Amino acid sequence: MKQRLVIAIVGVAVVALYATVMAMQALVLDPLAAMPGLTLDQIHAGVRETGGRVGWNIAIVIITATFGVGLAVIAAMFGLWKRLSPLVEASIFLGIVTAGAVVNFYSGFALRMDVADAYGISGRDYTVWPGVLYITSLVALITLIPVLVIIRLQSKSVRSVA
């Protein structure tokens, strides 16, 4: 039980950290890096002047980040309730972090494009943080593959013994 509890707590914490960095990057760090010298209020005002929907863009980022954390909490509770093996429980969290790469790209996309349209700049990422998140997701994927193989091998050996 203790090992599963530790995996559940660490898994939720890692997903929450990932979601926090993703949201801060999309909502604060990237717009400020894209438009040095302007405040967030000034950037948002410029986006609104060109018809951008700042409130909607912010809501999408917050909803997607919150959804990931909620999913991790549900996975932790389910794993503890159903007494999943530590490897199965860990694989769920690794899968959530792996999927974070896609969510990271799409969650901040609309705001990046609105800032780009309003100020005539590229819609690219202006900070290193998306790269850090993508690498984190890649490491999770690379770790997930052997974990799934081990789970599969263990399930075959359990069936053959029974």
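Throughout, read-outs are computed from the coordinates displayed, never taken from laboratory work. For clarity, every value in this text was computed on a predicted model and none was experimentally measured. FYI the Cβ positions are ideal-geometry reconstructions off the backbone, even for glycines, and counts take in every protein chain you see.
Working note: Karplus 6.51/-1.76/1.60 with θ = phi - 60° gives segment 59-70 the couplings 4, 4, 5, 5, 5, 5, 5, 5, 4, x, 5, x Hz, where Gly and Pro are set to x.
Principal axis extents of the C-alpha atoms in segment 1-125 (largest first, rounded to whole Å): 55, 21, 20. Among GLY37, GLY11, GLY70, the largest mean-square fluctuation in a Gaussian network model of the chain (Cα springs under 10 Å) belongs to GLY37. Coupling constants for segment 90-104 follow from the phi torsions by the Karplus curve (6.51 cos²θ - 1.76 cosθ + 1.60, θ = phi - 60°), and in residue order they are 4, 5, 5, 5, 4, x, 5, 5, 4, 5, x, 4, 5, 4, 4 Hz; glycine and proline get x. Label positions at PHE109 and VAL139, each projected 7 Å from the Cα along the C-beta direction, are separated by 2.6 nm.
Can you give the Rg to Rh ratio of segment 56-162, both from alpha-carbon atoms, with Rh computed by the Kirkwood formula?
On the way: Rg = 18.3 Å, Rh = 16.1 Å.
Taking Rh as the inverse mean 1/r over Cα pairs, Rg/Rh reads 1.14.
Counting only DSSP H runs of at least 4 residues, each contributing -39500 (n - 2.57), and dividing by the residue count of the chain, the helix-based mean residue ellipticity at 222 nm comes to -28000 deg cm²/dmol.
Computed 3J(HN,Hα) for segment 51-56, one whole-Hz value per residue from the Karplus formula 6.51 cos²θ - 1.76 cosθ + 1.60 where θ = phi - 60°, is x, x, 9, 4, x, 5, glycine and proline marked x. Rounded to the nearest 0.05, the FRET efficiency derived from the C-beta distance between LYS156 and ILE63 at R0 = 41 Å is 0.55.
Simple point charges give the picture: +1 on the Cβ of Lys and Arg, -1 on the Cβ of Asp and Glu, and for segment 75-162 a dipole about the Cα centre of about 600 debye. Listed by Cβ neighbour count within 10 Å, with the fewest neighbours leading, ASP125, ASP117 appear as ASP117, ASP125.
With a/c under 1.5 counting as rounded, go ahead and sort segment 2-43 into rounded, prolate or oblate using the C-alpha gyration tensor (a ≥ b ≥ c being the square roots of the eigenvalues; past the cut-off, prolate if a/b is larger than b/c, else oblate).
It comes out prolate by the Cα gyration axes.
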